[in-house]
Amino acid sequence: MTVAVPLPSQQPTSTSGSSASLLVPSEEKHLRDIRQLTFGGQNAEAYFSADDRMLSFQRQGEGVPCDQIYTMPVDTPDGKSATPKLVSTGKGRTTCSYIFPSGDRILYSSTHAARPECPPKPDYSKGYVWPIYDTYKIYTAKLDGSDLRLLTDAPGYNAEATISRDGKHIVFTSTRNGDLDVYTMNADGSHVKQLTHELGYDGGAFFSPDGKKIVYRAEHPKTPAEIADYKELLGKGLIRPGNLEIWVMDADGKHKQQVTHNGAANFAPFFHPDGRRIIFASNQANPKSGRDFDLYIINVDGSGQQRITFYPDFDAFPMFTSDGKRLVWASNRNGKVPHETNIFIADWVE
């Protein structure tokens, strides 16, 4: 999903790119040697390749009116940030890219087949909402953007696709049956299986390192008013992410278990490489603002939660390297203008 990145408050930020200035001192104890990888615009959902050498992510900014997919190396010989390389078509809006473990292809969703222009922005008169564009289709391409192939052509929203570490299975979100549910399919698009059936939004899923579990975010309306609001918004291609909780389930959809119970907006969950912990973004420290998100880590059984980031605006979309030694995420920190969101990487300190 192309999450509507919260608009940061007008707070003073550092213009220095040094590691020390990027860290909230005395509080962000799990992070060390922070490095900023992108500069300017809105950059988000950066995910490592299986060998941890490349990142795929989405960005919009000067000359890029709505999100497109880019790749770039994590490290360079001179230690400077690399120039991002456009992978998607440059048309429509894209979201949720992920490099195949084989390293030769990339997965992403795009609206370009419906129209080359950006789809309309969500109606914020409804409050803080996320758009669910029914023109999203899932594609694969080579890392240079060539050999674009349509992977799924089912009607409705098809996005939020990620891949198991063995490269055999894809998990994604679709409205093909009238609701937002999690599905899996083989890497070639065959054998589609619906895993969630509860009314409400289920999505943003990732496999555990061994491929046996899936972590995802969910919001299931319960009262008649909540159900009516959800259905009305979904009919307009929107959802209101006011009470998203983190869940885990087996890769076949069995044994669903709720991990968080804080009533806040929790999203972007990802398994730690040990398979026993989940890192995620949440506004639980300031839920009334709706826009102050930080990173947290929690045991799969819901115990032992720790707060990771303390920057007073947006920190989200975390992902560990395969060895758990580094963390990449998106943040408003060090932004020079309002709304600026960049990609950061840091060493992880246990």
Tally, over the range 137-154, of residues that are farther than 16 Å from residue 106 by Cβ and either modelled with pLDDT of 95 or more or of a type in the set (A, V, I, L, M, F, W, C) (or both): 1
Selection from the range 235-255 of residues that are closer than 18 Å to residue 200 by Cα, touching a residue at least 40 places away in the same chain (Cβ under 8 Å) and of a type in the set (D, E, K, R): 236, 240
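Based on what the data block shows, is residue 344 in a strand (DSSP E or B), over 22 Å from residue 241 (Cβ atoms) and touching a Phe, Trp or Tyr at 6+ places or on another chain (Cβ under 8 Å)?
Considered against the rule, which asks whether it is in a strand (DSSP E or B), over 22 Å from residue 241 (Cβ atoms) and touching a Phe, Trp or Tyr at 6+ places or on another chain (Cβ under 8 Å), residue 344 comes out as yes.
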Residue among 126, 85, 80 that alone is more than 21 Å from residue 162 (Cα to Cα) and touching a strand residue (DSSP E or B) at 6+ places or on another chain (Cβ under 9 Å): 126
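For the range 20-54, what are the residues that are more than 23 Å from residue 272 (Cβ to Cβ) and either surrounded by 14 or more Cβ atoms within 10 Å (Cβ to Cβ) or at pLDDT 95 or above (or both)?
Step one: list which residues in the range 20-54 are more than 23 Å from residue 272 (Cβ to Cβ), which gives 20-21, 25-26, 36, 38-43.
Matches in the range 20-54: 21, 36, 38, 39, 40, 41, 42, 43.
Name every residue in the range 129-173 that is closer than 26 Å to residue 275 by Cα and of a type outside the set (A, V, I, L, M, F, W, C), in order of residue number.
First, pick out the residues of the range 129-173 that are closer than 26 Å to residue 275 by Cα: 159-173.
Residues satisfying the conditions are 160, 162, 164, 165, 166, 167, 168, 169, 173.
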Residue count for the range 55-68, restricted to those that are at pLDDT below 95, among the acidic types (Asp, Glu) and outside any loop (DSSP other than H, G, I, E, B): 0
Entirely in the range 181-234, the strands (runs of 3 or more DSSP E) that have 1 or more residues that are of a type in the set (Gly, Ala, Ser), surrounded by 16 or more Cβ atoms within 10 Å (Cβ to Cβ) and in contact with a strand residue (DSSP E or B) (Cβ under 6 Å, 6 or more places away or on another chain): 201-207, 213-219
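For residue 191, indicate whether it is of a type outside the set (Lys, Arg), under 13 Å from residue 252 (Cβ atoms) and without any contact (Cβ under 8 Å) to a residue 12 or more places away in the chain.
Values: of a type outside the set (Lys, Arg): yes; under 13 Å from residue 252 (Cβ atoms): yes; without any contact (Cβ under 8 Å) to a residue 12 or more places away in the chain: yes.
Yes, satisfied.
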Hey, residue 150 buried (at least 21 other Cβ atoms within 10 Å of the Cβ) and either free of Cβ contacts under 8 Å to residues at least 40 places away in the same chain or outside any loop (DSSP other than H, G, I, E, B) (or both) or not: no
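I'd like the full set of residues that are basic (Lys, Arg) and either touching a Gly at 6+ places or on another chain (Cβ under 6 Å) or surrounded by fewer than 17 Cβ atoms within 10 Å (Cβ to Cβ) (or both), limited to the range 308-334.
Narrowing the range 308-334 to residues basic (Lys, Arg): 325-326, 333.
Scanning the range 308-334 gives a single hit, 325.
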Exclusive hit being surrounded by fewer than 22 Cβ atoms within 10 Å (Cβ to Cβ) and not in a loop (DSSP other than H, G, I, E, B), set 76, 89, 83, 71: 71
Candidate set from the range 272-297 (those that are of a type in the set (Ser, Thr, Tyr) and in contact with a strand residue (DSSP E or B) (Cβ under 6 Å, 6 or more places away or on another chain)); member that is nearest to residue 241 (Cα to Cα): 282
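The values are calculated or read from the model by the stated rules, or taken from the named source; none is laboratory data. Owing to the predicted nature of the structure, the values given are computational and were not obtained by experimental measurement. So basically every Cβ, Gly included, is an ideal-geometry build from the backbone, and we count neighbours across all protein chains shown.
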